[in-house]
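Structure, as structure tokens:
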Amino acid sequence: MTRLEEVRTAIAENTVPGGSAFGRAAAEVIMLTLTEQREMDDATLATLLTETSDWLVATKPSMTSVRTVADIAAQAQVAGGPDAVIAAMAEFIADSERAIATIADHAATYFHPGTTALYHSYSGSLIHILRRAAETTPDLTYLFTESRPYRESRRIVTALADLPITWVTYSDASVAIAASRADFAIVGVDALFEDGSFANKTGTLALALACQYAGIPLYAVTEMSKLYRGDPADVSMELRPPVEMHEGWDQAVSGKVEQINQFFEITPANLVTAYLTDKGVLTPDQVGA
């Protein structure tokens, strides 16, 4: 399998680690696609770019970083052709990697000795932040929900297993109990909107409501490249195959029980304490600006 096939497969099978990584993966797909097809004339390459971008957005409609990459590629194509697109994609990847390091700097101020932080789902940016905190701050406890059906919250534990952290897992249904035992909650972002709301893995809204009830802050971690300036309704919340949920349950397999496997949902701005971004710490009402 070539590197291009490998990245396309990871995007299609939803194994890319988080929204920022999906943006970088999309940029790599475009860059590799154009590089491998350089013998084509510019008009054919432009068509190929459009087809590739359309596939990326259709495959991950909830990931606004992918939309951003597609827009940057289209603008570069108009301005300078394939070479400009390839350069723009490489620049996007480098900028994204630098942005994550900047976000971790902002997040570091929220972790103190003895802090108990709650997280939900999987995020490459979140891994960076939690690792930095654990390496510099003693006696941290990380609480996490399962994040069904994939239980991807466990992947962060695996990624940070070498660090001296106390780990405690909660079922998604007991998120209110988890929030009552945390100092704050911190989550990744798959789509950011001008009104200060954001989309993330389903279960994030329940977590946000639990934080409000428990009286603890909810911080969302994001690159500003995920900002979508249009109507949030334009960004569909991805539905995954029902088979991921039923685990061989006869009533579901037979079709007697309908299953809705919605993978993302929107959390409104009034439930967010602050966004930790590469442009600084922003309140929801500062996001659009």
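Before moving on, here are some points about what is shown:
Let's see how each residue does on (1) among the hydroxyl-bearing types (Ser, Thr, Tyr); (2) surrounded by 13 or more Cβ atoms within 10 Å (Cβ to Cβ); (3) modelled with pLDDT under 90:
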| position | (1), (2), (3) |
| --- | --- |
| 42 | no, no, yes |
| 46 | no, yes, yes |
| 49 | no, yes, no |
| 53 | yes, yes, no |
| 59 | yes, yes, no |
| 74 | no, yes, no |
| 78 | no, no, yes |
| 82 | no, yes, yes |
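- Residue that is within 24 Å of residue 99 (Cβ to Cβ), in contact with a Lys or Arg (Cβ under 8 Å, 6 or more places away or on another chain) and not aromatic (Phe, Trp, Tyr), where the choices are 227, 218, 192: 192
- Residue selected from region 272-289 under the condition open to solvent by 20 Å² or more (accessible area, probe 1.4 Å), in contact with a helix residue (DSSP H, G or I) (Cβ under 9 Å, 6 or more places away or on another chain) and of a type in the set (A, V, I, L, M), by the criterion farthest from residue 106 (Cα to Cα): 282
- Odd one out for residue 261, checked against (1) within 20 Å of residue 185 (Cα to Cα); (2) surrounded by 14 or more Cβ atoms within 10 Å (Cβ to Cβ); (3) out of contact with any Phe, Trp or Tyr (no Cβ under 8 Å at 6 or more places or on another chain); (4) not small (Gly, Ala, Ser): (1)
- Test: residue in region 194-213 that is of a type outside the set (Val, Ile, Thr), in a loop (DSSP other than H, G, I, E, B), open to solvent by 10 Å² or more (accessible area, probe 1.4 Å) and within 22 Å of residue 156 (Cα to Cα): yes
- Number of positions in region 238-282 that are in contact (Cβ under 8 Å) with a residue 24 or more places away in the chain, in a helix (DSSP H, G or I) and within 23 Å of residue 60 (Cβ to Cβ): 2
The values are calculated or read from the model by the stated rules, or taken from the named source; none is laboratory data. Because the structure is predicted, anything quoted here is derived from the model rather than measured. Because the Cβ atoms are built from the backbone with ideal geometry, glycine has one as well, and the counts that use them run over all protein chains shown. The protein model used for the area step is the full one, side chains on, heavy atoms only, and it has no ligands, DNA or RNA in it. Shrake-Rupley method; radii C 1.70, N 1.55, O 1.52, S 1.80 Å.
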